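First comes the structure, then the notes that go with it.
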Amino acid sequence: MSVSRRDFVERAALLAAAGFVPRPFPPAAAPAPRPAGFRGRPVVVASANGLRGVQVAYDRILAGEDPLDAVIAGVNIQELDPDDQSVGLGGLPNEEGVVQLDASCMHGPTKRAGAVASLEGIATPSLVAKAVMDYTDHVMLVGPGAGKFARAMGFKEQNLLTEKSRQDWMRWKARLNPNDFWLDHDDDLKIKFTTGTINMNAVTAAGDVASVTTTSGMAYKIPGRIGDSPIVGAGQYCDNLVGAAGSTGRGEANIKTCASFLAVEFMRQGLAPRDALLRTLERVVAMTEPRLLRPDGRPKFDLEFYAIAKDGRYAGATLYAGGRFAVCDERGARLEEAAHLFPR
Ligand code: GLY
């Protein structure tokens, strides 16, 4: 898969349509020194819905762009895609039909992070999270404050509830209670739930690391519910001395284990990315409350992790077999099978 100049131009047009007015960002602090003789290679890993995005991010890294700008450009594709109902424009709404978005990002070379949660009306929360990082002394803004900040930064509001997501929400609402005054549809259409999200992590040839996660969160959530994606250390984490990790899936399970931080810490202790992610998943299982366990003691939900090490090793891992993740390196963009703890 190659990304043409046209793709970049289209993305710029989409960002403009979403109301984002690019500004010159302040210069980053001096990057951390590299160990003598360090030899790395650029790699981008993401959740499977990031297949288009990993190529975009990789090409940008090869062109010399900052790794955080590169992965944010990668996830912007899903944020602006109305057909991805797990994130940004077209994301499935909360129980009142309002799309509330969460995102966080981290920049390894300068040890900075930014996040927004319960953000309404702005399609690209990843860019707002980066603006929090670049322009404020804070790490996280939420709710109306995050919205005010985004508007002050030049992001324009739009209605994020697409017609398809509105109809899915109405079907969900109609079927909630057989005794209410909403008539249930008599079709056998499956009600779609998602804890889908996009996480993307990158390392450059110089060993600089960045990570970003963005989501519309759990479909039909209680208004104000915040998942793992905007929590630094849960939805994503990076440390320029070690690598980066991020997650998609049931955020509540992830928050309790600070899972992305934990995965990076396991890598710091010397584990390869795959083993670090499997150890992290074991911790998730150990921390699962009984009501969420099946009779065989395994979780009723799934959770996916993605990681890169500073030297370019990478992995994806899921609780149950069959998961895939996106990767792009010198062999091009592709989906690879994730490691797993349990057969499906
Ligand atoms: N991992 C996305 C969420 O739970 O909100």
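The values are calculated or read from the model by the stated rules, or taken from the named source; none is laboratory data. Here the structure is a predicted model, which means the values were calculated and not measured. Using ideal geometry, Cβ is built from the backbone for each residue, glycine included, and neighbour counts are taken over all protein chains shown. The protein model used for the area step is the full one, side chains on, heavy atoms only, and it has no ligands, DNA or RNA in it. Shrake-Rupley method; radii C 1.70, N 1.55, O 1.52, S 1.80 Å.
Between residue 337 and residue 179, the C-beta separation translates, for a Förster distance of 41 Å, into a calculated FRET efficiency of about 0.35.
Compared with the alpha-carbon gap, the fully stretched path from residue 167 to residue 321 is longer by 52.3 nm at 0.36 nm per residue.
Could you pull out the GluC sites (Glu not before Pro) across the stretch 232-340 that fall in loop regions by DSSP (anything but H, G, I, E, B) with no more than 16 other Cβ atoms inside 10 Å?
Within the stretch 232-340, the qualifying GluC sites (Glu not before Pro) (loop, at most 16 other Cβ atoms within 10 Å) are 330.
A dipole drawn for the stretch 166-302 from +1 and -1 charges on Cβ atoms has a positive end, and of 174, 273, 203 the residue lying farthest that way is 174. Between rounded, prolate and oblate, where does the stretch 202-344 land on the alpha carbon gyration tensor, with a ≥ b ≥ c its root eigenvalues, rounded for a/c under 1.5, else prolate if a/b exceeds b/c? Here the stretch 202-344 falls in the prolate category. Note on the chain: with a GNM built from Cα contacts shorter than 10 Å, the maximum mean-square fluctuation among 287, 133, 153 falls on 287.
Applying 0.36 nm per residue to the separation of residue 136 and residue 289 and subtracting their alpha-carbon distance, the gain on full extension is 51.3 nm. For the stretch 98-212, the relative contact order comes to 24 percent (Cα pairs under 8 Å, sequence separation of at least 6).
Per-residue 3J(HN,Hα) values for the stretch 306-312, derived from phi via the Karplus relation 6.51 cos²θ - 1.76 cosθ + 1.60 with θ = phi - 60°, read 9, 8, 10, 9, 4, 8, x Hz in sequence order (x marks Gly and Pro).
Our coupling estimate for the stretch 164-170, obtained by passing each phi through the Karplus curve with A = 6.51, B = -1.76, C = 1.60 and θ = phi - 60°, is 5, 5, 5, 5, 4, 5, 5 Hz, Gly and Pro reported as x. Computed extension gain for residue 296 through residue 98, at 0.36 nm per residue and net of the alpha carbon distance, reaches 67.6 nm. For the stretch 151-186, applying the loop criterion from DSSP together with a ceiling of 15 other beta carbons within 10 Å to the chymotrypsin sites (Phe, Trp or Tyr not before Pro) yields 181, 182. For the chain, the fraction of 1.4 Å probe accessible surface lying on carbon and sulfur atoms is 56 percent. Summarising the amide proton neighbourhood of residue 312: residues at separation of 5 or more, or on other chains, whose placed amide H is nearer than 5 Å comprise 41. Entry comment: accessible area of the chain is 43 Å² per residue, from protein heavy atoms only and a probe of 1.4 Å.
Using the structure shown, select from 111/156; 111/256; 173/300; 111/310; 130/310; 148/221 the pairs with a Cα to Cα distance greater than 25 angstrom. In this structure, 111/156 lie more than 25 Å apart at Cα.
Computed from backbone phi with θ = phi - 60° and the Karplus coefficients 6.51, -1.76 and 1.60, the 3J(HN,Hα) list for the stretch 203-219 is 10, 8, 4, 7, x, 7, 10, 8, 8, 8, 9, 9, 7, 9, x, 5, 4 Hz; x is used for glycine and proline. Protection proxy ranking, highest mean first, for peptides 47-56, 78-87: 47-56, 78-87, where packing is the per-residue count of other beta-carbon atoms within 10 Å, averaged.
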